[in-house]
Every structure is written in structure tokens, then in C-alpha cells.
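Working notes for the structure below.
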Amino acid sequence: MTRYAMVIDTLTCVGCGDCVTACKTENQMPDGLTRDWVVETTTGEYPNLSTEFRSERCNHCSHATCVYVCPTGASHFWRDTNIVLVDSGKCTGCKACIAACPYDARLIMHPEGYVDKCTFCHHRVENGLDPACVSTCPTHCMHFGVLDDPAGKVSTLLRTRNYKTLLQETGNEPNVYYLT
Amino acid sequence: MIEEVLVTLRANPKIDPVLSTWSWEVPLYLFLGGLAAGIMFFAAIMVLANRQREAPFVTEKLVLWTVILLSVGMAALFLDLSHRWYVFRFYTAFRPSSPMSWGSWILIIIYPICLLQILSTFRQGYPNLARRLERFDIGALALDLSERFRRRIAWISIPFALALGIYTGLLLNTLVARPFWNTAILPVLFLVSALSTAAALTILGTSIKGERNLFTQIDFSLIAVEIFLVLLLVIDLSTGSQVQLAALDLILGGRYTVGFWLLFFSIGLLIPILLEGRELLRKSTSAFYLAPLFVLIGGYLLRQVVMNIGLHSSWVDYANQFDPQLLQLLQ
Amino acid sequence: MTGCAAGVRRPGTGELTVSPTICDICFWKCAGIVYKDGGEPWKVVGNPNDLHSRGRLCTRGTAGLGAYLDPDRLKTPLLRVDNNGNQRFKPVSWDEALEFIAARLRKLASDHGPEKLALFSHGSGGGHFKHLLQAYGSRSFVAPSFAQCRGPREVAFKLTYGEGVGSPDRTDMEHSRCIVLIGSHIGENLHNSQVQTFAAALHKKAKLITVDPRFSVPAGKSDYWLPIKPGTDIALLLAWMHVLIQEDLYDRDYVTRYTHGFTELKEHVRKFTPEWAYPITAIPAARIRETARVMAANAPATLIHPGRHVAWYGDDTQRLRAVAILNALLGSWGRPGGYYQQEKVALPNYPIPEYPKITARVQDANRGKYPEAYAGVSTAVFDASIGPDALYKAWIVYGTNLPLTVPGVAGRLQEAADSLDLIVAIDIQPCEVTGYADVILPECTYLERYDTLRNAPERRPSLALRMPAFKPKYDSKPGWWIAKQLGKRLGLGDYFPWKDYTEVLEWQLKQVGSSLAEMKKTGVKVFPRTTPMYFTEGTDIEFNTPTGKIEIYSTQLAKLGFDPLPKYSAHQEPPPDYYRLNYGRAPAHTFGRTQNNKYLFEIMPENVIWVHPTVARKWDLENGRYVRLKNQDGVESNRIRIRVTERIRPDSVFMAHGFGHTAEGLRLASGRGADDAALITNIPHDPIMGASGMRANFVTFLEDEV
Ligand code: SF4
Ligand code: SF4
Ligand code: SF4
């Protein structure tokens, strides 16, 4: 399995939301639906404070509970990768996957009703491009690549920087990493 | 102090602010499925215990309702599907890792078993209908055969009834991302509740005193077990992870406290066990229908409340700074 | 591509067409590329050859299609008619609208003289109307970007270095090893390449020192955050100078070679010790010393950032002078990591007849005040448009929503409208100011028009082309067309000798060895530099100041009777139960221009008011509740949502600027959030150049009765 990962530097992210807008236009998302979002965490008391900005989306989990619960195979791993996609032609809208995702990363497509989610922009990845959100970020804080390539961008970052993933304890083995 | 807010507004319908992906349809299905499972189970047990004569209502009459209840449940499930014309996709794949896939295939097998079970006591339960059926050679043959194999059919029915009963709880339990469902007590509780509701329906429906009495005793014990299981569930969650504690808080002072304890626990368990206990002691029969009615309502409420709490309990809590309702202006 | 399951949406598989543009969602003018997928609008992305965007558009630029798609856009020319005493707008043809304006302007010229026409403009299309105005006989253009924004810094740097900072700012952040931000929240304001170079510095672990009473986004990324008491920045700047000089940390060679007045400064700041500054600024003396040493250690690659919106307290030119001087002490002007020298393309103008001689200046509106205002002061022009001795009798308002932009005018627009003979509003969307116009002309968006070539000062000279990706929607027209049509009707046809603006572009591009065809393909053409980007070490430089030196001691200010060296003076404190109103940008919006863009509305549909938890407790405010604000002069705001956060001082509140629209035509934006500009009614003016001090206002909370 080829593991794709996104590595996001919380130290440079300014929370501008460009990733969200870029995803909306690139993926022609209907009004009011979003595949990614930005969270701000502030810790401490004035004036001893710290903030962290995180652009969040589906984690393309190696252990993707959403894929496992899907009764029809609509939710699946793309080719032999960890990129989790939903095939609208197989999705019944039973919504089990939504309940199975600890990150609440899935959504219901409007008006059709099938389940949709971040695709890691596989339509760009297969052409050698970065996902839309990654390629637009004005702070260059997002990186994308193959995790198994030890010389690659993302592995190098993970080797040389401190990082965390979200909700490690769910056991979903998320593949979006946050540099801290 | 930690403040966590969304910088960009996030209000995906039915996902935010809390999951509301399932409303009444799924709980109704879980309830009816459980009820059908319970009926299958008791009908089979009575046959195997050679007590068909003492419990004719459940073995001969009620058993017909398994397919009806299941079908209504399935219809509810169908209504819930948000991409429903692709429903056939359930049957173009079998996904061993998906409880829902198991569930849909089990149903495919359960239907014929139910039919056989019905046929095996059809002549006794529905003589008029049986006579009509006998007009067709194949019908007569089917009746003959299933009567002959009545015990074998009962033997087969039992594991499938249990599977269906457990499945209704397992379905939620395996969605590990919802901390409240994430306890092994849930499938057992749902199974016991399934049996209890079937017993209650029998009490309500039967006109035979012995049968009613027998099932009141059974139901009394089942409710007692259920109360025990609910307490176990609370204990189990309270020894769980952070998110499970947070989920438990939803019923211990949180927004589902009333729903869980007043609606489900009191109406569905406490009141009926008291009423049935009184009845068993004093053999009073005046308002015998009250307790089973409460049990049935409670059975449904159990599923509805547990489902709501589960959907509400989450690993993440995205707090919007901006009013999400404003997005409606885009429509 | 095969092997993937059918039924996964794959955008961009239709027939793709691309065309270059220059973003107009803000004034940074990033070059971008518009994609159409099967003929349908798909997306706008950055042009990789462009220095402004470096291939990436910001949040707002990415949402550019929202402006084009907005169903609430102005659709046809509108004329104000009196309907039994009720004023309303009636859709008219372009002919009728243009003829109406031309008739009024002809009458204006003959009755009062053409210099009675003023132009408010902001953004790239304004050039067409400046041209029209000059042909007509007026040079009274005014943009709020001067007196309401970065005027004080331009004036202060001109006084000190003989030139301004310019836009895009000539800050060389990608090479900075230390950046000092004073009340500037880069990241919350999203000027594209500025954010990108700022982030590049962060990636390289440059030291970041942020002076801000609020825990802003860059404050959260800083090595040193100095939560200063609002309004005391000059004291801190003086103390820093004191440390640099006292501890001999300044760039002695640079100061000796290039500057004038160091001795006076040394004497001047002698008493401004960090211990003196501490009780004023609330920054401990040790912290002031430590940060000064960090600046010096990284000099000259230490950038004391000049900020952009710096019109705060009415003594802003002096504060920015202090910033300029501090940079001089560190030797960062003209050095890598400090301020680089910009270069543009020598692009000839299309040949046109000479403009008529015009003696009236826009500065006449200042009535003898603001001697250093080298550009028009919008508040002064506004004031000079009211009353019997008004200097102006007609306005063209191009893309400038005055009430949300220029503080203090919101309540007086009707008065101005009554006094003026004509207000023409040219805009893309209906907004507050268009409601006061006599005629409204719908311009098409930047995605539907050709425009002047972008020739911005940058690291390398470059030109960029804006061309239409779509046909103008509705009955909207490009700005150049509107200007030309008005010109023709005013008998100024000679000034618009082209049939189509592409002729102008083609001619200009030919002069620099390019062509429209080439630019349509590439969008951007970068030219080689002909001048050095930094000072050549060890050479003497003639600065454009009276002494030919960097004027630490300003001979010009001395001559005008102002302080030649900046001084600190205390500002007003909030009265009891009032909080200082702090405002700023949000990365998702440009001023008040984008709130109706559906993409941007979707991520930020309203603004919120930040309050500290102690304030929230005192007033019983909780997250998500709506309140109204009332300022010291009794002005009340629209309802605004509470955000309780530690990121704000207990004596201030903060909100993003640009919300609280009242124009009903803006169906998404109208009524959403509160407008800070309306709450700014106490406006000290900078005596040197006329900037509006916008941070001298205080608010308290009112229940929101819904
Ligand atoms: S984040 Fe959720 S939707 Fe994405 S792969 Fe993991 S479980 Fe599935
Ligand atoms: S990877 Fe693509 S689909 Fe996923 S959030 Fe980024 S832009 Fe959206
Ligand atoms: S900074 Fe953003 S809004 Fe401004 S011109 Fe560039 S892309 Fe457009």
C-alpha cells in the first residue's frame, strides 16, 4: 500500500481559510458544504498565551473505520493507497460511515444524497499535482507526498520536526500530520 | 484555559453541530427487528419445549407477524437511505468487515426461515388461510413438509433469532467512533430488550391465561436483567476513556438525562417491572395490558434514545464562532 | 486514467480553457489564471510567474468567481427619480445614463468650472477615471488609502528617506532575520506576497517580535510578544532607540555615512530609558532591552515593519517617523532583509493630447492645513463638498464605499448629497454609497474586462495582463468603456482615440517588446532588473531629502514648525465601563467589498466582537450571544456576536472591519455583523498630513432586543 500523507505546519499556518475556499472551487462543492475547515486552539491566560491553527479534513486513515463499516464497498481505498474515496454509484446513503468516522470528516452531498468527503484531490495527485488546498496555501504550510519514500518531502519533515496527529487514540492511524 | 473554535464556518447539514444523520427510521427498524427476533425465539422455544399447546398465541398466531414487522422495519430503513435508489447495492457485495452488510444478508436468510416457521404452525394458527393455501399443490406440500420438520425449523430459527436480536445492538456498537455505543453491554441489552418486547406483545395479544402468566413471568425476569444491564452499562462507560466519560455525562446530568432515565428507564423498565411484579404476587389481572404496553414503548424508546445519545457523543467538538444558520441564506 | 472506480467525482475533466487575469478582490493585484471546465466557470488560481502571487492566490482571490457569480450585482444603469417625494432608482439604458451625467458635467463646467468635480477611487480601474477627470479639467482624485490607511507611513518615510514604502511594500522579509511588527497583523491581513515572504521568514526561523495589545495571529508566532498598552508605541520606539544608542548597538558606519541629525537624536532619547517607558507601555524594561539587543544582533537584516493601516491616533506620522529612524539606526533601509529598492517597467503611455492646464489642487480642500499631504485627504474633500462655499459640486465615486471606508462620513452623506449637484457611483455591487448617488453605473467584474496593464514596483520589473474570461454579465460594462463613453459625450473624444482598450494594450506592449498575443498566453512578463536591489556597500548615496541624507532629524518638519524628532504624548483612556474599540482585517474579506461573495460569506458570514473573560463576566456575556455596541458619542451598532477570548486585553474589544452592511441589495451581507467605521466618531487628524486617527473610540455593551 502506498501511503500518502499531508503534513501541515501549525507554526506557519495563519488560519486564513484559503485551503477551504480552494477546495470549494476546485471540487465544485455545493453551497454550504465543506470538506475541510480550520480550527484555532488558544491555550493559557492573557498575556501567557499560545495559539495553534490547524487546517483539518479527512485523515485518510490507514485503519479507516469508515471503509470497514461500509456495506456496499462504496467507501474504498483508492487503488492500493490509503486515499479513501466514496463511489457515488455504490453509496446507498445508509450513513454508517459517517457514524464510524471519529473526525466527523464526512458529509452528505446535496442534493443527490450520497456521502462525500475529501478525496486528497486524487484527480490532481494522479497527475502529479499537489491537492488544491496544499497548492494554494499562501504560507506554504501544507505539504503532501508519499510517506514510504524516506527521502521524500513529508518523511523528511516528520523526521526533522516535532509532530502530532489528531486523536491518535482512536486507532484509526490518521495520515494528516501536524508539525508543532 | 483552552479555547477551541472554528476559524472557518463549518455547518455540513446533518453532521454539524452534532450528528443527526439518523432520525426515527433506524430506531424503528432496530425495534421492529428486535421484536421479530424475539417472537421467532419464543415461538421456536415453545415448540422445542413441547409447550405449543400452552402457548398457542406466540407459536401459532404471533409468528406470522415476524415477516410483517421485518418488512415494515426494512421499509423504514429504506426511507432512511439518503441515496435510496442505490439500495440494490447492498446485494451486489458482501463486506465481511461491515456489520450492516452482515445484517442485510442475514435478513435475506431470515425471511425464508420465518416463512418456514410460519408454515410449520399455519394450519393451527390460521386455518382459513391455510385452507386457501392447500388449494395449490405446492402450498399443501409446503405446509406438510414444514409441519413435519417443525422441530428442525425451530432449531434453526433459534440461532438466527439470536443473531438478529444481537445484530440490532451490534450495528451501533461497532461504530466505534461514537463513544456511547462503544460498550459490549449494548448488544446484550438490545437482545434482552428484544426478547422482553416480544414477551410483552404476547401478553398483550394472548387470550389464554396460562400463556399470559407464563410470559409475564418471563418478561419480569427479562426486565430485571435489563435493569441490571443498564447499571452495568453505566459502570462500563464510567471506567472508559475520556470521550466515554463525556458520553456518560450526557445521561448523568447532560441533555439526555431526562430522555434516558425518565423516558426509557422509568417508563420502559421500572414501571412495568413494578406492575408485573404486583400482578405476579396478587394475581391481579385488571390492568394487565399496561405493563406490556409500557415495555413496548420502552423498547422503542431504548433504541431511539440510545441512538440519539450515540450520535451526540463524539470524539470531536467543532465550535463555530459564526452563526451557522446564516448559511441558509445561500439557499 | 483507468483503474479507478466509476462514480467518484473528478472535476476538470471537461474541455479546459484558461485565460490570464489580475485579481481585483483586493488591491494587491495578483496575477492569476482563470479556468473554465466545459465552458463553465471553474476556478481562479495564481500565476506561477507572478511575484505578487507566486503561483498562489489568497483566500479572497481564490474566491474571485464569487464576485462574478453574485446574483446581487448591479445589473443595469440606474437613475434616481423622484416619485411623489419618494426617491427611487429606475433602470435606464446606458445612453440615457451617460447622457444624463454628461449634461450635468457640461453644466458644471460652464457654471462653476471643471475643477469642481472630485473623484473618489480605489482599486485598479480608477486610472480610467483619473484620465477622464484630467481631460475634463480636474485633478481632484482622492483615495482612502492615503488618509485612512498608509498615508502617515508614506509621508514619514518620504520625510526621512526621501521616498515612501510603496505598494506592494518594499519589505524584504524573505531575507529578514528579525522582523518587528508594530500593531500590524500580517496573516490576518492577507496581502499575498507579503504573507508569503513573512511565512518564508518564519520557515527560516527569523526572530519575530510583535508589539500588539491583542494576541494577534503573528503574536502567536512570535519569539517576543510585547502586549503593549494601546496608544503608547512611540514611547516604546524611543526606548528602543535609547538602548541601541546607549549600548552602542546601532550601525555606526551606516549612520555616519548616510544620516543627518544623529547627534540630536542621541541627545533627544537620552532620557527615554526603558525604565521611563515601562510605566507608560507596560512592557518591562528588561524586555525592552532584550528585544533591542535581538534587533541589533540580526541587523541589518532586521526589519522594523512599517505596517500598512497606520492611521490610528492623529500623531501617526510622528510614530512612523520613529519607525523609520529605528530602521536607520539598524541600517536596514536598502539592505537585504530590510527594505529593498523596487523597480518597475519603463512603460510609455499611449499618446494622447496634453491635458488642459489645471491650477486647482486637491490639497485646496485642506484649507491650509496638512502641509505634507502629497495626496488628497478624503475627509477634507468630503468636508469641502458641503455648504455654500463648497469646493466641490460633483463626485464620481468609483468602487469606494465611503461610509464603511472613511470614518465620520456615515452620518453626513445625506448632507453631502444635498449639497452636491451630482453623484455618480460606479460599482460592481449595490452598496451603502450607491444609495446616495444620482446615477449608478454597473461595472463588470475584473473577470469580464480588459484593464490597464499592471506595472507594479517589485523585486523584478514585470507586466501583467487582465483580460476577460467571461462576457460581461447582465448589462454591465468595463470601466475603460464607461470612461471613454463619458469622454466622448463631454467632447473629449481626442483623449480616447482608441476604439477598444486592446489597442492601448497592444501599443504599450509593443513599446516594451511584447504583444497582446504573448501576454494572453503568459499573463505575466518579467523583465530583467537594471538597477541594484540593495545599496552597494561602501558607496555614497544621495537621498531625496533637503540634506541629501537620511533625515533622522527632519529639517522639513522643523521648518514647518512640527517636532523634528518624534515625541511621545499620552492619548485618551477609555472612560469607566467603556472599552477601546480595536478593529482589523479578517483574512477572508477585503474591507467591506466581499461580504456578499458566497464563497467568502460561507467561511465568514459575520464578524464577532472579542471580549476578555473578565469583561464577559462583568457584563454577563457569553459566546454566541448577540449584543449591540454604543460608542462614547452615543452611536449604536448593529447586533454582533460575542466571542469570549483570552486573546484580547481586558480594556479593549476587537472586531473585524467591513461588516454591518445596510444596503438591502446585498442579500447575504446586509444586516450581518457590526460596522466599526460607524462607531468611529472621535477622529483626531494628523496635523502633518491629515490622516484620520481611528483608534480613539470607546464602546460599551447594550442588550440586543430581537
Ligand atoms: S478521517 Fe474519517 S472519513 Fe477519513 S479515512 Fe478516517 S475514518 Fe474515514
Ligand atoms: S485534499 Fe482536496 S478534497 Fe481534500 S481538503 Fe484538500 S482540496 Fe479538499
Ligand atoms: S492578495 Fe488576494 S485578494 Fe489581493 S489581489 Fe492577491 S489574490 Fe487577490
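In segment C:189-205, what count of residues is obtained for those that are more than 9 Å from every other protein chain (Cβ to nearest Cβ), farther than 18 Å from C:Cys149 by Cβ and open to solvent by 10 Å² or more (accessible area, probe 1.4 Å)? Reasoning before the result, please.
Pass one, segment C:189-205, residues more than 9 Å from every other protein chain (Cβ to nearest Cβ): C:189, C:191, C:194, C:197, C:201, C:204-205.
With farther than 18 Å from C:Cys149 by Cβ added as a condition, the list becomes C:197, C:201, C:204-205.
Still in the list and also open to solvent by 10 Å² or more (accessible area, probe 1.4 Å): C:204-205.
Going through segment C:189-205 one residue at a time, the tally reaches 2.
Checking A:Ala22 against (1) touching a strand residue (DSSP E or B) at 6+ places or on another chain (Cβ under 9 Å); (2) away from ligand 3 (no atom under 16 Å from the Cβ), only one condition comes out false. Which one?
(2)
Only one of these conditions is not met by A:Leu107: (1) more than 9 Å from ligand 1 (Cβ to nearest atom); (2) under 24 Å from B:Pro96 (Cβ atoms). Which number is it?
(2)
Assess whether A:Thr34 counts as being within 16 Å of ligand 2 (Cβ to nearest atom), among the hydroxyl-bearing types (Ser, Thr, Tyr) and surrounded by fewer than 20 Cβ atoms within 10 Å (Cβ to Cβ). Give the steps one after another, and end with the answer.
Values: within 16 Å of ligand 2 (Cβ to nearest atom): yes; among the hydroxyl-bearing types (Ser, Thr, Tyr): yes; surrounded by fewer than 20 Cβ atoms within 10 Å (Cβ to Cβ): no.
For A:Thr34, the condition - within 16 Å of ligand 2 (Cβ to nearest atom), among the hydroxyl-bearing types (Ser, Thr, Tyr) and surrounded by fewer than 20 Cβ atoms within 10 Å (Cβ to Cβ) - is not met.
Of the conditions (1) crowded, with 17+ Cβ neighbours inside 10 Å; (2) closer than 16 Å to B:Ile203 by Cα; (3) touching a residue at least 60 places away in the same chain (Cβ under 8 Å), B:Ile297 fails just one. Which one is it?
With respect to (1) crowded, with 17+ Cβ neighbours inside 10 Å; (2) closer than 16 Å to B:Ile203 by Cα; (3) touching a residue at least 60 places away in the same chain (Cβ under 8 Å), B:Ile297 is out only on (3).
Within segment C:174-188, track down each residue that is within 12 Å of chain A (Cβ to nearest Cβ), surrounded by fewer than 24 Cβ atoms within 10 Å (Cβ to Cβ) and in contact (Cβ under 8 Å) with a residue 60 or more places away in the chain.
C:His185, C:Glu188
Run C:Ser167 past the list (1) open to solvent by less than 20 Å² (accessible area, probe 1.4 Å); (2) closer than 19 Å to C:Gly126 by Cβ; (3) not hydrophobic (A, V, I, L, M, F, W, C) and report the number of the one that doesn't hold.
(1)
Can we say A:Gly44 is open to solvent by 10 Å² or more (accessible area, probe 1.4 Å), modelled with pLDDT of 95 or more and away from ligand 1 (no atom under 15 Å from the Cβ)? Break it down into steps so the answer makes sense when it comes.
On the way: open to solvent by 10 Å² or more (accessible area, probe 1.4 Å): yes; modelled with pLDDT of 95 or more: yes; away from ligand 1 (no atom under 15 Å from the Cβ): yes.
Yes: the conditions hold for A:Gly44.
For segment A:94-112, state whether one or more residues are within 15 Å of ligand 2 (Cβ to nearest atom), assigned to a strand (DSSP E or B), under 16 Å from the mean Cα position of the chain (by Cα) and in contact (Cβ under 8 Å) with a residue 24 or more places away in the chain.
Taking segment A:94-112 as the starting set, the residues that turn out to be within 15 Å of ligand 2 (Cβ to nearest atom) are A:101, A:103-107, A:109.
Now restrict to residues that are assigned to a strand (DSSP E or B): A:107.
If we keep only those that are under 16 Å from the mean Cα position of the chain (by Cα) too, we end up with A:107.
Narrowing the set further to residues that are in contact (Cβ under 8 Å) with a residue 24 or more places away in the chain leaves A:107.
There is at least one residue in segment A:94-112 that is within 15 Å of ligand 2 (Cβ to nearest atom), assigned to a strand (DSSP E or B), under 16 Å from the mean Cα position of the chain (by Cα) and in contact (Cβ under 8 Å) with a residue 24 or more places away in the chain.
Could you grab me the full set of residues in segment A:125-151 that are more than 13 Å from ligand 2 (Cβ to nearest atom) and among the hydroxyl-bearing types (Ser, Thr, Tyr)?
Residue satisfying the conditions is A:Thr139 alone.
If only one of C:Ala299, C:Ala235, C:Ala292 is buried (at least 24 other Cβ atoms within 10 Å of the Cβ), away from every other protein chain (no Cβ under 14 Å) and under 22 Å from A:Tyr46 (Cβ atoms), which one is it?
Working: C:Ala299 fails: under 22 Å from A:Tyr46 (Cβ atoms); C:Ala292 fails: under 22 Å from A:Tyr46 (Cβ atoms).
Residue meeting the stated conditions: C:Ala235.
Yes or no: C:Pro11 farther than 30 Å from C:Ile186 by Cβ, open to solvent by 50 Å² or more (accessible area, probe 1.4 Å) and away from ligand 3 (no atom under 16 Å from the Cβ)?
On the way: farther than 30 Å from C:Ile186 by Cβ: yes; open to solvent by 50 Å² or more (accessible area, probe 1.4 Å): no; away from ligand 3 (no atom under 16 Å from the Cβ): yes.
Criteria not met by C:Pro11.
Residues of segment A:2-24 being among the polar types (S, T, N, Q) and either buried (at least 24 other Cβ atoms within 10 Å of the Cβ) or more than 7 Å from chain C (Cβ to nearest Cβ) (or both), which ones?
Answer for segment A:2-24, where residues must be among the polar types (S, T, N, Q) and either buried (at least 24 other Cβ atoms within 10 Å of the Cβ) or more than 7 Å from chain C (Cβ to nearest Cβ) (or both): A:Thr2, A:Thr10, A:Thr21.
Could you give me the residue pairs with C-beta distances under 6 Å whose first residue belongs to segment B:301-327 and is more than 9 Å from chain C (Cβ to nearest Cβ), whose second residue is β-branched (Val, Ile, Thr) wherever it lies, and which are 6+ apart or on separate chains?
If the second residue must be β-branched (Val, Ile, Thr), the pairs left are B:His312/B:Val18; B:Trp315/B:Val243.
Mind listing whichever residues of segment C:647-673 are under 19 Å from the mean Cα position of the chain (by Cα) and within 20 Å of C:Asp577 (Cα to Cα)?
To start, the set of residues in segment C:647-673 that are under 19 Å from the mean Cα position of the chain (by Cα) comprises C:655-659.
Of everything in segment C:647-673, just one residue is under 19 Å from the mean Cα position of the chain (by Cα) and within 20 Å of C:Asp577 (Cα to Cα), namely C:Met655.
Could you go through segment A:91-110 and let me know if any residue there is open to solvent by 50 Å² or more (accessible area, probe 1.4 Å), under 30 Å from B:Ser104 (Cβ atoms) and within 11 Å of chain C (Cβ to nearest Cβ).
Narrowing segment A:91-110 to residues open to solvent by 50 Å² or more (accessible area, probe 1.4 Å): A:110.
Pick out the ones that are also under 30 Å from B:Ser104 (Cβ atoms) and you get A:110.
Okay, now just the ones that are also within 11 Å of chain C (Cβ to nearest Cβ), so none.
Scanning segment A:91-110, I find no residue that is open to solvent by 50 Å² or more (accessible area, probe 1.4 Å), under 30 Å from B:Ser104 (Cβ atoms) and within 11 Å of chain C (Cβ to nearest Cβ), so the answer is no.
Within segment A:51-62, is there a residue that is at the interface with chain C (Cβ under 9 Å from one of its Cβ atoms), at pLDDT 95 or above and more than 18 Å from the chain's Cα centre (by Cα)?
The initial filter retains those residues of segment A:51-62 that are at the interface with chain C (Cβ under 9 Å from one of its Cβ atoms), namely A:51-53.
Next cut, at pLDDT 95 or above only: A:51-53.
Retained after the next criterion (residues that are more than 18 Å from the chain's Cα centre (by Cα)): A:51.
Looking for residues that are at the interface with chain C (Cβ under 9 Å from one of its Cβ atoms), at pLDDT 95 or above and more than 18 Å from the chain's Cα centre (by Cα), one finds at least one in segment A:51-62, hence yes.
Filter segment C:669-686 for residues that are assigned to a loop (DSSP other than H, G, I, E, B) and crowded, with 23+ Cβ neighbours inside 10 Å; which is nearest to the other protein chains (Cβ to nearest Cβ)? If you could, list the steps in order and put the result at the bottom.
Residues of segment C:669-686 that are assigned to a loop (DSSP other than H, G, I, E, B), as a first pass: C:669, C:671-675, C:680-684, C:686.
Still in the running and crowded, with 23+ Cβ neighbours inside 10 Å: C:669, C:672-675, C:680, C:686.
On the way: C:Ala669: 10, C:Arg672: 7, C:Gly673: 9, C:Ala674: 13, C:Asp675: 16, C:Ile680: 23, C:Asp686: 30 Å.
Top of the filtered list is C:Arg672.
What is the one condition in (1) in a loop (DSSP other than H, G, I, E, B); (2) within 14 Å of chain A (Cβ to nearest Cβ) that B:Glu54 does not satisfy?
Here B:Glu54 clears every test but (2).
Can you tell me which residue among C:Pro546, C:Pro566 is more than 22 Å from the chain's Cα centre (by Cα) and open to solvent by less than 10 Å² (accessible area, probe 1.4 Å)? Working first, answer last.
On the way: C:Pro546 fails: open to solvent by less than 10 Å² (accessible area, probe 1.4 Å).
Exactly one of C:Pro546, C:Pro566 is more than 22 Å from the chain's Cα centre (by Cα) and open to solvent by less than 10 Å² (accessible area, probe 1.4 Å), namely C:Pro566.
Identify the single condition in (1) over 24 Å from A:Asp104 (Cα atoms); (2) within 14 Å of another protein chain (Cβ to nearest Cβ); (3) within 16 Å of ligand 2 (Cβ to nearest atom); (4) open to solvent by less than 60 Å² (accessible area, probe 1.4 Å) that A:Val154 does not satisfy, given that it satisfies every other one.
Unmet for A:Val154, out of (1) over 24 Å from A:Asp104 (Cα atoms); (2) within 14 Å of another protein chain (Cβ to nearest Cβ); (3) within 16 Å of ligand 2 (Cβ to nearest atom); (4) open to solvent by less than 60 Å² (accessible area, probe 1.4 Å): (2).
For segment B:58-146, which fully contained helices (runs of 4 or more DSSP H) count at least 1 residues that are more than 14 Å from every other protein chain (Cβ to nearest Cβ) and closer than 26 Å to B:Gln304 by Cβ? Step through it out loud before you land on a result.
Values: elements: B:65-80, B:99-120, B:122-125, B:127-134.
In segment B:58-146, B:65-80, B:99-120 are the helices (runs of 4 or more DSSP H) which contain 1 or more residues that are more than 14 Å from every other protein chain (Cβ to nearest Cβ) and closer than 26 Å to B:Gln304 by Cβ.
What tally of residues in segment C:315-344 results from selecting those that are assigned to a loop (DSSP other than H, G, I, E, B) and open to solvent by 10 Å² or more (accessible area, probe 1.4 Å)? So that I can check it myself, show each step before the final result.
Let us first name the residues in segment C:315-344 that are assigned to a loop (DSSP other than H, G, I, E, B), namely C:315, C:331-332, C:334-338, C:340-342, C:344.
Still in the running and open to solvent by 10 Å² or more (accessible area, probe 1.4 Å): C:315, C:335-336, C:341-342, C:344.
Total satisfying the criteria: 6.
For segment C:645-662, which positions are open to solvent by less than 20 Å² (accessible area, probe 1.4 Å) and touching a helix residue (DSSP H, G or I) at 6+ places or on another chain (Cβ under 6 Å)? Give the steps one after another, and end with the answer.
Initial filter on segment C:645-662 (open to solvent by less than 20 Å² (accessible area, probe 1.4 Å)): C:645-648, C:652-656, C:658-661.
C:Met655, the sole residue that qualifies.
Among the listed residues B:Phe265, B:Phe190, identify the single one that is free of Cβ contacts under 8 Å to residues at least 60 places away in the same chain and part of a helix (DSSP H, G or I). Full working, then the answer.
On the way: B:Phe190 fails: free of Cβ contacts under 8 Å to residues at least 60 places away in the same chain.
Of B:Phe265, B:Phe190, the one residue that is free of Cβ contacts under 8 Å to residues at least 60 places away in the same chain and part of a helix (DSSP H, G or I) is B:Phe265.
What's the total number of residues in segment C:41-82 that are crowded, with 21+ Cβ neighbours inside 10 Å and away from ligand 3 (no atom under 16 Å from the Cβ)?
Within segment C:41-82, residues that are crowded, with 21+ Cβ neighbours inside 10 Å and away from ligand 3 (no atom under 16 Å from the Cβ) number 5.
Per-residue answers, yes or no, for (1) surrounded by fewer than 20 Cβ atoms within 10 Å (Cβ to Cβ); (2) in contact (Cβ under 8 Å) with a residue 12 or more places away in the chain; (3) touching a His at 6+ places or on another chain (Cβ under 8 Å); (4) of a type in the set (A, V, I, L, M):
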site	(1), (2), (3), (4)
C:Thr379	no, yes, yes, no
C:Pro388	yes, no, no, no
C:Tyr392	no, yes, no, no
C:Leu402	no, yes, no, yes
C:Val406	no, yes, no, yes
C:Val409	no, yes, no, yes
C:Arg412	yes, yes, no, no
C:Glu415	yes, yes, no, no
C:Asp421	yes, yes, no, no
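From the list B:Val18, B:Val5, which one is touching a helix residue (DSSP H, G or I) at 6+ places or on another chain (Cβ under 9 Å) and of a type in the set (Val, Ile, Thr)? Break it down stepwise before answering.
Details: B:Val5 fails: touching a helix residue (DSSP H, G or I) at 6+ places or on another chain (Cβ under 9 Å).
Every option except B:Val18 fails the conditions.
The values are calculated or read from the model by the stated rules, or taken from the named source; none is laboratory data. Since the structure is predicted, the reported quantities are computational estimates derived from the model, not experimental observations. Virtual Cβ from ideal backbone geometry, glycine too; neighbours counted across all protein chains shown. Note: accessible area is taken over every heavy atom of the protein model, side chains too, but ligands, DNA and RNA are not part of it. Shrake-Rupley method; radii C 1.70, N 1.55, O 1.52, S 1.80 Å.
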